[in-house]
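Presented below is the structure to which this report refers.
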Amino acid sequence: SDDAYSNVQTGKLKLKKQELQTIGKYKTKHQKEKKRKHEQSEQVAEQIEKTNQAKVQKIEEEEENEIPAAYRHMTKAEYKYEMERKKRDAKHMKKLAKSTHRQRVREFNEKLDSLPQHFDVPKVALTIG
């Protein structure tokens with residue numbers, strides 16, 4: 001059985017020198033191109049990030065200038081909600097200030113009188129059967 005495997009080569013697989021050189025050139029050229037593209041994309045990403053940061057900072061400064069100092073602890077949404085609530089309260093107070101309590105009670109009674117009769121609570125008669 002030793003004769004059957006006597007011609008078999010053992011150990012590392014050896015390639016020809018030319019094949020190794022062409023493979024090496026391709027890899028280095030490919031790697032250089034990949035590296036160059038990566039660097040370019042990084043530069044573009046950095047420029048975009050710088051402009052975005054500048055825009056965000058500018059917007060934040062404008063928003064801070066819009067909100068009075070007493071409301072700076074609130075978010076923008078909370079501030080808007082608070083302003084709308086104040087407007088509603090002011091409108092409600094104006095409405096209340098136009099009439100006295102006696103006038104408001106009279107208006108309420110008139111409104112109730114104008115409603116149809118079927119909104120009245122029906123009288124219940126006690127009948128013993």
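The values are calculated or read from the model by the stated rules, or taken from the named source; none is laboratory data. It should be emphasised that the depicted structure is a prediction, and the values quoted were computed from it without experimental measurement. All Cβ positions, even for glycine, are placed from backbone atoms using ideal geometry, and neighbour counts span all protein chains on display. Calculation scope for accessible area: heavy atoms of the full protein, side chains included, ligands and nucleic acids excluded. Shrake-Rupley method; radii C 1.70, N 1.55, O 1.52, S 1.80 Å.
Applying a threshold of 27 Å to the alpha-carbon distances of LYS35/LYS58; LYS55/LYS80; LYS91/LYS111; LYS55/LYS76 flags LYS35/LYS58 as lying beyond it. Approximating the spin labels as points 7 Å out from Cα along Cα→Cβ, the ALA4-to-GLU66 distance works out to 8.8 nm.
In the context of the full protein assembly, ASP89 retains an accessible surface of approximately 70 Å², using a probe radius of 1.4 Å and ignoring ligands and nucleic acids.
Applying the criteria of a DSSP loop state and at most 16 other Cβ atoms within 10 Å to the trypsin sites (Lys or Arg not before Pro) of region 41-118 yields ARG72.
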